[in-house]
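Visitor: Structure incoming, see below.
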Amino acid sequence: MTSTIRLVRADGTTEPFRFREATAWPAPTTPPRWNRVAFAAAHVVADPRAAIDPWLGAALDWDATLDYRRHLWSLGFGVAEAMDTAQRGMGLDWPTSLELIRRSAALARATPGAVVFAGAGTDQLAPGPSTTIDQVIRAYEEQCAAVEAAGARIILMASRALAACARSADDYLAVYGRVLAQVREPVIIHWLGEMFDPALAGYWAGRGIADADHARASQVCAAMLDANAAKIDGIKVSLLDDRKEVALRGRLPPGVRMYTGDDFNFASLIGGDASGHSDALLGIFDAIAPAASSALTALTDGDRARFDAILAPTVPLSRHIFAAPTRFYKTGIVFLAWLNGHQSHFTMVGGQQSARSLAHLCGLAQLADAAGLIRDPALATRRMAAFLSVQGIE
């Protein structure tokens, strides 16, 4: 039986809380053959001992970072590497990202059944009014070549530099057409909404062009997919709006997958209905991997009711972690990994451990407990108590 601790509510008062007994989520004994393709966008573990200025440089604990990828692979997930969950472009720079991609791809080759796709973007190029379309293309080309040379498949990330300089939809179509013509294998396109990264506002439509409800953007994105379908494995849509995802899903060319990036509505989108279903490439799968693995196995076995029952309590947790400002969701992902003993500290690249309030993190702990995602309640209690003590809560 774990001891009682006092957690902070949103109004600043405290309440007693005790973690319940751990849920036993069975790990697959062999690589599962799910009826959905499922990637987890994996976080990175910072090195708290590195003598750097955390706001200006990035240092990773490579052993702990790669161990977490082993954890995700062991549960059946593909790893989406060096994405925004890994703080890409939000503390993690391109040189460190490339080293991460190389190490992760090398580990995948040595791990039976392991799959890794990795982000290729333009974050080595500073966005600004003087940036040109040709510079964006060259930056994409450089990163795509580096990802392929590392032995990973490409996730073509949205570009802040392109968002800053594109004047119309034609610029987007030209850039994507030029880059996709050169890739060796079909890629996953990533449409990351401005709720995740404000610098991507207006994506697909053009800088300064009004686009209420992403209507114009969806049209342009669909046209790009049609024009380059042979070079596209699928598209990950991260707009936190299931209506928009379903609408675009219905317009996909044959053979192009929809990978949900909707951390609010993922359960119903993956489960599907008469209109179809989405596959998954999700940041929340980093945090809920044991439960999500069991749910996907149940779905493959034809047990939709169990799939729904497992994921139902993970949805409030995910909505809490990804609450506005959504770009700070990484803090909750790492906090839960620390509570669960996947890393020895709660330190993040860029000092982002400070991006969420004490009350938010206390609420996260309660929701994770309700979803059966605290794997060692005694450890979580000790770490939560220590964290609260530092914040002045004894």
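The values are calculated or read from the model by the stated rules, or taken from the named source; none is laboratory data. Just so we're clear, the structure is a prediction, and the values are computed from it rather than from any experiment. Note that we place each Cβ from the backbone using ideal geometry, even for glycine, and neighbour counts take in every protein chain shown. Remember, those area values only see protein heavy atoms, side chains included, never the ligands or the DNA or RNA. Shrake-Rupley method; radii C 1.70, N 1.55, O 1.52, S 1.80 Å.
Visitor: Ignoring ligands, DNA and RNA, what percent of the 1.4 Å accessible area of region 210-300 is carbon and sulfur?
Guide: Here carbon and sulfur together make up 53 percent of the probe-accessible area.
Visitor: Among GLN352, GLN87, GLN135, which one shows the biggest mean-square fluctuation in a GNM of the chain, springs joining Cα atoms closer than 10 Å?
Guide: GLN135
Visitor: Given a cut-off of under 8 Å on Cα pairs at least six residues apart, what relative contact order in percent is computed for region 115-224?
Guide: 27 percent
Visitor: May I ask you to derive the relative contact order of region 216-331, considering only C-alpha pairs under 8 Å and at least 6 residues apart, and to give it as an integer percent?
Guide: The value is 20 percent.
Visitor: Taking Cα atoms, how many degrees apart are the long axis of helix 62-74 and the longest axis of the chain, rounded to 10 and kept between 0 and 90?
Guide: Orientation of helix 62-74: about 90 degrees from the principal axis.
Visitor: Still on this model: Just want to confirm a number: the relative contact order over the chain, from Cα pairs under 8 angstrom separated by 6+ residues, in percent.
Guide: Dividing the mean separation by the residue count of the chain yields 21 percent.
Visitor: Ok, one more. Keeping the other protein chains in place, figure out the carbon and sulfur percent of the accessible area of region 24-65, with a 1.4 Å probe.
Guide: For region 24-65, the apolar C and S fraction of the accessible surface comes to 53 percent.
Visitor: Would you mind getting the accessible area per residue of the chain, heavy atoms of the protein chains only, 1.4 Å probe, in Å²?
Guide: Accessible area per residue, the chain: 40 Å².
Visitor: For ALA210, what charge total do you get from the other residues with a beta carbon under 15 Å from its beta carbon, if Lys and Arg give +1 and Asp and Glu give -1?
Guide: That sum, taken over residues with Cβ under 15 Å, equals 0.
Visitor: Sum up the charges of everything whose Cβ sits under 13 Å from the Cβ of ALA139, counting Lys and Arg as +1 and Asp and Glu as -1, but leave ALA139 out.
Guide: -1
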